[in-house]
1. How much length is gained if the chain between Ser131 and Glu237 is pulled fully straight, taking 0.36 nm per residue apart and subtracting their Cα-Cα distance, in nm to one decimal?
2. In the structure displayed, which of Lys47/Lys291; Lys141/Lys193; Lys202/Lys223; Lys52/Lys291 lie more than 31 Å apart, Cα to Cα?
3. For region 159-203, what are Rg and Dmax over the alpha carbons, in angstrom?
4. Going by how many other Cβ atoms sit within 10 Å of their own, how do Phe258, Phe297 line up, fewest first?
5. Rounded to the nearest angstrom and ordered from largest down, what semi-axes does the equivalent ellipsoid of region 39-297 get from its C-alpha gyration tensor (root of 5λ)?
6. Can you sort Met234, Met204 from fewest to most other Cβ atoms within 10 Å of each residue's own Cβ?
Amino acid sequence: MEDQAARLRQLIEDRTGYIPLAECEKIEETDESKKSSARIIAVTSGKGGVGKTNFAVNLAIALSKAGKRVILIDADLGMANVDVMLGTVSKYNLSNLCQDEVSLHDVLLRGPYGVNYISGGSGIEHAADFSVPERQRLMQKLVQCEDLADIILIDTGAGIGKNVLDFILAADEVILLTTPEPTSLTDAYAVMKAYSIYAPNKNMKLVVNRVYDELDSRDVVAKLRRTSERFLKMTVECLGYIYEDRSVMNAVRKQVPFLISYPDAAAAKCIMAIANNLLYGGQVKIKRGWKVFLQHFLDFSR
């Protein structure tokens, strides 16, 4: 069965192509980038439909605007909507890196608005079935991302399935997106609970989407923090909130991120504030690095 974005991709296939880094100027590797490992940040949610991928795409653009080299990896298995949000089409996806003849620069695309990304696609959901040689090839190629980025953003799927947990447990930082709806809060708590049990180093931050006022956001955060501290013995920070904004849906229809199409909109200003908070709002914990992330996700013992 085709993934959900297949029909949308077909609509834009004739007008928008992808640009592999192999065919354009490569990202410059600086001495500074080789000294420190990239921040590995997973973006996740308890349920679908809360705006996770839209948030991840616009956050990547905001971080790029702040001067950071960003690689966005679409790991929302079977959905792969980053292409649709950016209005682009990808020839390759993450699983193609298992092929000898495909290099990282074939798969790593120079997307619009300064964001470089790797498309997902349904193929990567079978990563657990890859042979050891295939995993080795995948890791040998992906490990190069660390020299090309300051921040690697991973747009995971929603919920607490094994594939999602693999990504968020391997990441150094996790951003959990929720909305004020009771079902969204319940599912967000389920993610927090699973994370609190299995994460070796807990570093989760909250973002509340589709709020009507700041008080709405504070209410949501207070509920989740109280519950988390009481029952999970885990403290979660709040990175910020995003206002309910009609321009967000208008941007999706235009296939242009709202940070670009409506830069003065309330939601766009919220994203910029969240990016600023992520970069400068608090001390970053010790980073295990991209290679350790890959070793965890591509567990050779499976």
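1. 34.3 nm
2. Lys141/Lys193
3. When restricted to Cα atoms, region 159-203 yields Rg and Dmax of 10.4, 30 Å.
4. By the 10 Å Cβ count, ascending, the order reads Phe297, Phe258.
5. Taking √(5λ) for each Cα gyration eigenvalue gives 28, 22, 16 Å.
6. Placing the least packed residue first, the sequence is Met234, Met204.
A short reminder: the numbers here are calculations on the coordinates, not readings from a lab. Note that the coordinates shown come from a computational prediction; the quantities given were computed from them, not determined experimentally. Note: ideal-geometry Cβ built from the backbone for every residue, glycine included; neighbour counts use all protein chains shown.
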